[in-house]
Amino acid sequence: MDRYTEGELKIPPVKYEYLDHTADVQLHAWGDTLEEAFEQCAMAMFGYMTEIDTVEISECQDVVAEGHDLLSLLFHFLDECLFLFCADPFFIARKVSIVEFDRTNFRIKAVAYGEEFQIGKHPQGTEVKAITYSNMQVHENEGKSEVFVIIDI
């Protein structure tokens, strides 16, 4: 203690506070099948980024995702969809259709239908920064499947 001066050990006044911050949003999607729930979740994410009804279908992009279980498959599927939007040419989907859903090998092949995102044509919604595993849920019941995903905004 001798090597420190009195001024060095003085605790400064508190000049910070904790503020509530909503940096996440939870997507809840459902469908008659798990495939439809996954598709709806992807469309919900794109719909959060812009007013989805302003998106025209003029091109399509392939989406391939793999996982080691259903949760990781959902995570990687949405992450690949988000990558479409974040990489040039900034593709925004109006519709997402899963064409192959392999539950044994946890692999999805899908087609995203939409167009290049254009400021002025497409209102800017909230930027989605990342998909998270936080409280991710997949529920499959007879006649209805649901997924819950928290995205970092």
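Check Asn141, Asn105, Asn135 and return the single one that is within 23 Å of Asp32 (Cα to Cα), of a type outside the set (A, V, I, L, M) and without any contact (Cβ under 8 Å) to a residue 24 or more places away in the chain.
That would be Asn141, the only listed residue that is within 23 Å of Asp32 (Cα to Cα), of a type outside the set (A, V, I, L, M) and without any contact (Cβ under 8 Å) to a residue 24 or more places away in the chain.
Return the residues of segment 75-92 that are within 11 Å of the chain's Cα centre (by Cα) and open to solvent by 50 Å² or more (accessible area, probe 1.4 Å); say none if nothing qualifies.
The answer is His76, Asp79, Glu80, Phe83.
If Val99 satisfies every condition in (1) in a strand (DSSP E or B); (2) under 17 Å from the mean Cα position of the chain (by Cα) but one, which is the exception?
(2)
Residue check, Ile92 against (1) touching a residue at least 60 places away in the same chain (Cβ under 8 Å); (2) more than 21 Å from Asn141 (Cα to Cα), all met but one. Which one?
(1)
Within segment 59-74, is there a residue that is over 22 Å from Glu36 (Cβ atoms), surrounded by 12 or more Cβ atoms within 10 Å (Cβ to Cβ) and over 16 Å from the mean Cα position of the chain (by Cα)?
Scanning segment 59-74, I find at least one residue that is over 22 Å from Glu36 (Cβ atoms), surrounded by 12 or more Cβ atoms within 10 Å (Cβ to Cβ) and over 16 Å from the mean Cα position of the chain (by Cα), so the answer is yes.
For segment 55-108, which positions are at pLDDT 95 or above and hydroxyl-bearing (Ser, Thr, Tyr)?
Ser72, Thr104 - these are the residues of segment 55-108 that are at pLDDT 95 or above and hydroxyl-bearing (Ser, Thr, Tyr).
Can you name the residue in segment 120-153 that is β-branched (Val, Ile, Thr) and part of a strand (DSSP E or B) and is also surrounded by the most Cβ atoms within 10 Å (Cβ to Cβ) among such residues?
Across segment 120-153, the extreme among qualifying residues is Val149.
Looking at segment 100-116 only, could you name the residues that are open to solvent by less than 30 Å² (accessible area, probe 1.4 Å) and either more than 17 Å from Gly67 (Cβ to Cβ) or of a type in the set (D, E, K, R) (or both)?
Taking segment 100-116 and keeping what is open to solvent by less than 30 Å² (accessible area, probe 1.4 Å), we get 108, 110-112, 114-115.
Those that are open to solvent by less than 30 Å² (accessible area, probe 1.4 Å) and either more than 17 Å from Gly67 (Cβ to Cβ) or of a type in the set (D, E, K, R) (or both): Val111, Ala112, Gly114, Glu115.
The values are calculated or read from the model by the stated rules, or taken from the named source; none is laboratory data. Note that this is a predicted model, so its numbers are computed, not measured. Counting neighbours? That spans all protein chains shown, and the Cβs are built from the backbone with ideal geometry, glycine included. Accessible surface areas use protein heavy atoms only, side chains included; no ligands, DNA or RNA. Shrake-Rupley method; radii C 1.70, N 1.55, O 1.52, S 1.80 Å.
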